[in-house]
Amino acid sequence: MSEVKAYAATGRIGRVLAARLLPGQDVVEGIIELIKSNGITSGTITAIGSLRSAKVVWAGSMEFGDNPMDVAVFHEMQGPVELGVCNGVFGTDEAGQVVVHVHGMIMDKGGNMRCGNLLPGSAPVLATVELTIQEFEGLELKPTADPQWKHKFLHPVKSAD
């Protein structure tokens, strides 16, 4: 059996927060505020719902260079659009700022779909977004610079508690 190339830590699921974001609320910004207001530092996110619009971004090259946004592909979808699947993880940096990595599968009124990182400020709720946030206990996701990619990724580490 070969060795797995991964960063890994084990922990448990703590509290589960369920919420409904109301019309006009940006999805990513709303999620961040819910995380902060409930004192959660690391965990997972799931969501579904309808949006007025959405913008996703994905890698447009096999190499990021010094700035991943230099090779990123941005795609904006005008509403109404469906947030068919939204999954993510989040952690907290050294300054106490919440860092989220959220992917959304977005479908427009013509049935066209795109998937990628859902950009903050680009996805206001149309009718509703229902979501859950699961807290991690015993492990944290820490934004850590990856030397190969010259970018910060969320690395799992065993927490002190």
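The values are calculated or read from the model by the stated rules, or taken from the named source; none is laboratory data. Since this is a predicted model, take the numbers as computed values, not measurements. Cβ coordinates were reconstructed from backbone atoms using ideal geometry, including for glycine residues, and neighbour counts include every protein chain displayed. Areas reflect the complete protein model, heavy atoms only, side chains present, ligands, DNA and RNA absent. Shrake-Rupley method; radii C 1.70, N 1.55, O 1.52, S 1.80 Å.
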Tabulated pairs, segment 140-153, first at positive phi, second open to solvent by 50 Å² or more (accessible area, probe 1.4 Å) and of a type in the set (S, T, N, Q), C-beta under 9 angstrom, 6+ apart or interchain: 150/67
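Of these, 124, 120, 156, 143, which one is open to solvent by less than 50 Å² (accessible area, probe 1.4 Å) and within 12 Å of residue 28 (Cα to Cα)? Full working, then the answer.
Working: 120 fails: open to solvent by less than 50 Å² (accessible area, probe 1.4 Å); 156 fails: within 12 Å of residue 28 (Cα to Cα); 143 fails: within 12 Å of residue 28 (Cα to Cα).
Result of the check over 124, 120, 156, 143: 124.
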Test: residue in segment 58-70 that is modelled with pLDDT of 95 or more, open to solvent by 50 Å² or more (accessible area, probe 1.4 Å) and farther than 21 Å from residue 34 by Cβ: no
Matching residues in segment 78-114 - criterion: being out of contact with any Cys (no Cβ under 8 Å at 6 or more places or on another chain), among the hydrophobic types (A, V, I, L, M, F, W, C) and at pLDDT 95 or above: 81, 83, 86, 89, 90, 98, 99, 100, 107, 113
Failed criterion for residue 19 (all others in (1) under 17 Å from the mean Cα position of the chain (by Cα); (2) open to solvent by 70 Å² or more (accessible area, probe 1.4 Å) hold): (2)
Residue ID - surrounded by the most Cβ atoms within 10 Å (Cβ to Cβ), chosen from residues in segment 73-106 that are without any contact (Cβ under 8 Å) to a residue 40 or more places away in the chain and closer than 17 Å to residue 38 by Cα: 97
